[in-house]
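Read the structure below first, then the notes.
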Amino acid sequence: MLTKVPTLDTKSDPYKWRDDQGFWARAARPGRGMWYDVKRRLPYYWSDIVDGWAYRVFAGTIRIFFVNLLPALAFQLDMYHNTDGFFGINEALLSSALAAIVFSTLSAQPLTVVGITGLISLFNYTIYDIILLHDVTLYPRFMVWVGIWAAVWHWAVALTNLCDYMRTITDFSSQTFGLYVGTIYVIKGCEELAINFEDGQISNGFASAMVAILYFLTVFFLDRIGQMAFATSPVRKFLSEYAYPLATIWWTGFTHIPGNLAYANFTRLPVTRAFYPTVDRSWVVPFWTLPVKWIFVALPIGGLMMLLFYYDHNVSSLTAQARNFPLKKPAGFHWDFFLLGWTCFIAGILNIPLPNGLVPQAPVHTDALTYYKDEPEHVSTKDYEAEPVIVRHNTTAIRVAEQRVSHFVMGLLFVGMMTGPLLTVLHTMPRAILSGVFFTVGLGGILSNPILVHKLKFLFTQRSFIPPHEPLLKVKRSQIWHYLGWQLLGWATTVAISQTIAAIGFPVLIMALIPLRWKLLPRLFTREELDIMDDLTADREVVLVSLGGKPELPEDRLMRGKESRGDKLDPERGAAGLEGGRGGVKERQAELNQEEEADFQEKNRQMHAGSEGHALKRKRQAMRDVEYADDSEGTRVNSGSNTSSPRDDSR
């Protein structure tokens with residue numbers, strides 16, 4: 001049973017910034033954001049522990065453990081292959097355990113899952129490729145300094161309250177970034193399958209491809225069962241919540257079936273000694289012996305790492321607290337980013353991958369902890385013989401178990417996986433499973449991305465089958481394509497650069513999506529168009545209170561500025577129309593929706609009025625014929641004035 005959470009008074013919260021207060025105003029009050037993050041969240045700490053003792057938390061822990069473990073192993077295997085075996089399984093487990101334990105006990109928002117991502121894998125072996133051009137023996141010591149400098153950058157950003165700018169993240173950039181991450185996962189899955197064909201292992205390659213695809217389909221359909229009306233609610237929830245462990249156990253066992261399948265000779269997950277690094281080294285390498293020149297070369301690379309984490313970690317936190325989750329406890333972006341600096345520092349000293357927020361897994365964690373209610377909705381129809389009532393399956397989010405236990409237990413499980421017996425169990429897993437994990441996480445994110453399932457689906461759907469209340473109907477199709485063009489350009493550019501040695505600079509392109517949305521798009525689209533196609537990623541007050549409050553969107557500010565100067569805006573162009581026009585501004589979106597609803601109801605009423613309605617129309621037409629005849633005889637001529645005649649009154 002969840003404890004009763006006191007309501008946070010966000011209106012009187014002292015941590016607020018005006019939109020005209022920029023970097024220097026924030027930097028002049030160092031640590032202010034962190035102070036209020038801790039002060040705001042500390043009263044909820046005991047309830048964070050008490051609320052963790054529930055079945056929903058147990059099921060969510062199992063689900064998020066597998067959702068975190070399997071991708072971490074997959075990314076580590078990718079780094080193992082691309083760094084000549086420097087990073088292995090133990091490094092992945094230790095990094096995930098460190099992040100989970102630290103953030104579950106000390107963070108302001110323990111729902112944000114922290115671990116190893118595909119982007120840090122890409123970053124690490126891109127640095128390896130660069131160092132390989134000079135002296136590969138520098139790599140271990142150089143990576144320590146990258147972690148140290150990244151920590152310093154994190155602390156500087158957190159102290160100067162710069163996490164506030166994450167409140168400007170909208171669906172434009174977060175959806176583009178999500179599509180990019182999903183694409184990278186799918187690419188990594190294909191690359192991992194290609195490795196199974198090396199050294200002429202044709203049977204292993206094709207068999208691994210088959211297992212990977214079947215694994216993806218198994219998890220995909222088991223996860224979708226929870227959204228269907230199949231069987232009973234407990235059965236649906238069980239299959240959906242334990243989709244990853246069920247599929248992993250089944251297909252791992254499948255590869256061990258004796259007989260002809262044994263000739264495939266599946267490649268297994270490589271492991272090492274318990275609690276030891278993969279290569280023959282100590283956990284702490286002599287990083288102080290790195291030449292001074294390379295220490296300062298690591299400085300800008302640490303800055304690029306911080307930029308990646310600034311966006312990746314904070315977007316993960318935003319998606320874990322997205323508007324579709326009924327959260328009540330406050331967030332704490334500044335303190336959590338400061339804490340992420342410490343995990344970067346410790347991970348750097350230990351020479352393990354730097355952990356940060358997991359974009360696909362963070363909302364999965366919150367979703368696994370959400371209490372949903374399934375309700376049938378009965379909709380009456382006019383077809384009383386064939387189908388008088390249609391039954392719809394509605395699922396509503398009731399509340400979320402906001403606690404620390406699931407994240408902490410997950411960290412302990414990662415430590416347990418580093419023991420000898422459990423490493424032996426991991427060794428029984430074929431590499432094909434990890435390729436399937438790449439496809440599952442990547443395609444899962446792509447197939448649920450609103451860029452595809454909303455906007456592109458709308459554009460390719462036959463017009464007569466689009467619901468009349470679809471908001472995109474109010475936007476010109478050319479403008480929808482225009483908006484998607486900018487999103488797809490950002491996606492294609494980041495994917496392309498990630499496949500080259502210049503991939504180390506992809507965080508800059510990702511960060512550029514924010515000023516692009518705030519500076520350029522308001523001049524290319526109307527306010528009404530942006531209201532429909534874009535919105536803040538997180539708009540709940542309990543989330544935005546940590547970021548200084550809800551920002552004013554640039555298109556609103558642009559229009560307000562023009563109105564205050566008395567300029568007239570073209571109603572057809574809105575905020576984008578900066579020259580004169582017919583004057584006035586379009587009515588607000590809510591008013592338009594109400595008017596369209598009234599028109600739709602009126603059309604329905606007239607359509608189903610029956611013979612009585614047709615008779616009334618015939619009677620009105622007859623009266624018009626009489627009026628026309630009277631007018632033609634000169635009895636009364638209506639000159640077009642607005643004054644009603646007695647005959648008009650009689651009608």
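Here, each number is a calculation from the coordinates, and none is a lab measurement. All figures in this text were calculated on a predicted structure; none of them were measured in a lab. Note that we place each Cβ from the backbone using ideal geometry, even for glycine, and neighbour counts take in every protein chain shown.
Structure above, values below:
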{"read-out": "Under 5 Å, built H, 5+ apart or other chain: amide partners of Tyr372", "value": "Ile398"}
{"read-out": "The stretch 475-575 - percent relative contact order, Cα under 8 Å, separation 6 or more", "value": "26 percent"}
{"read-out": "Cα centroid separation - the stretch 128-181 against the stretch 296-322, whole Å", "value": "4 Å"}
{"read-out": "Residue-span extension gain [Leu520 to Arg224] - 0.36 nm each, minus C-alpha spacing", "value": "102.7 nm"}
{"read-out": "Backbone HN-Hα couplings from phi across the stretch 231-243 [Karplus 6.51/-1.76/1.60, Hz, Gly and Pro as x]", "value": "6, 9, 4, x, 5, 4, 5, 5, 5, 6, 5, 10, 4"}
{"read-out": "Members of Lys39/Lys329; Lys476/Lys562; Lys188/Lys455; Lys4/Lys237; Lys4/Lys328 lying beyond 18 Å, as alpha-carbon distances in this model show", "value": "Lys476/Lys562; Lys188/Lys455; Lys4/Lys237"}
{"read-out": "DSSP-assigned coil residues among chymotrypsin sites (Phe, Trp or Tyr not before Pro) in the stretch 441-498, each with at most 13 further Cβ atoms within 10 Å", "value": "Phe460"}
{"read-out": "Residue-wise HN-Hα coupling along the stretch 498-505, computed from phi with Karplus coefficients 6.51, -1.76, 1.60 (Hz; x: Gly, Pro)", "value": "6, 9, 10, 6, 7, 4, 5, x"}
{"read-out": "Trypsin sites (Lys or Arg not before Pro) within the stretch 457-527, DSSP loop, no more than 15 other Cβ atoms inside 10 Å", "value": "Lys476"}
{"read-out": "Overall form of the stretch 403-443 per C-alpha gyration tensor (a/c, 1.5; a/b vs b/c)", "value": "oblate"}
{"read-out": "C-alpha center-to-center spacing [the stretch 345-362, the stretch 1-70] in angstrom", "value": "20 Å"}
{"read-out": "Sorted by Cβ density within 10 Å, fewest first, the residues Phe221, Phe87", "value": "Phe221, Phe87"}
{"read-out": "Three-way shape call for the stretch 198-355 based on the alpha-carbon gyration tensor, with the a/c threshold at 1.5", "value": "oblate"}
{"read-out": "Local electrostatic count, Gly332, Cβ distance below 11 Å [Lys/Arg +1, Asp/Glu -1]", "value": "+2"}
{"read-out": "Overall form of the stretch 383-520 per C-alpha gyration tensor (a/c, 1.5; a/b vs b/c)", "value": "oblate"}
{"read-out": "Net charge of neighbours whose Cβ lies under 15 Å from the Cβ of Gly189, counting Lys and Arg as +1 and Asp and Glu as -1", "value": "-1"}
{"read-out": "Net lengthening on full extension, Leu42/Trp342 (0.36 nm per residue, minus Cα-Cα)", "value": "106.0 nm"}
{"read-out": "FRET efficiency estimate (nearest 0.05) - Cβ-Cβ, Asp135 to Thr461, R0 51 angstrom", "value": "0.35"}
{"read-out": "Per DSSP, loop trypsin sites (Lys or Arg not before Pro) in the stretch 265-362 with at most 13 further Cβ within 10 Å", "value": "Arg273, Arg281"}
{"read-out": "Ascending count of other beta-carbon atoms within 10 Å, so fewest first, for Leu484, Leu69", "value": "Leu484, Leu69"}
{"read-out": "Mean separation of Cα contacts under 8 Å (6+ apart) over length of the stretch 210-350, as relative contact order %", "value": "16 percent"}
{"read-out": "Calculated from backbone phi, Karplus (6.51, -1.76, 1.60) coupling profile of the stretch 436-450 in Hz, x at Gly/Pro", "value": "x, 5, 4, 5, 5, 5, x, 5, x, x, 5, 6, 10, 6, x"}
{"read-out": "Exposure proxy order (Cβ contacts within 10 Å, fewest to most) of Tyr311, Tyr45, Tyr215, Tyr242", "value": "Tyr45, Tyr242, Tyr311, Tyr215"}
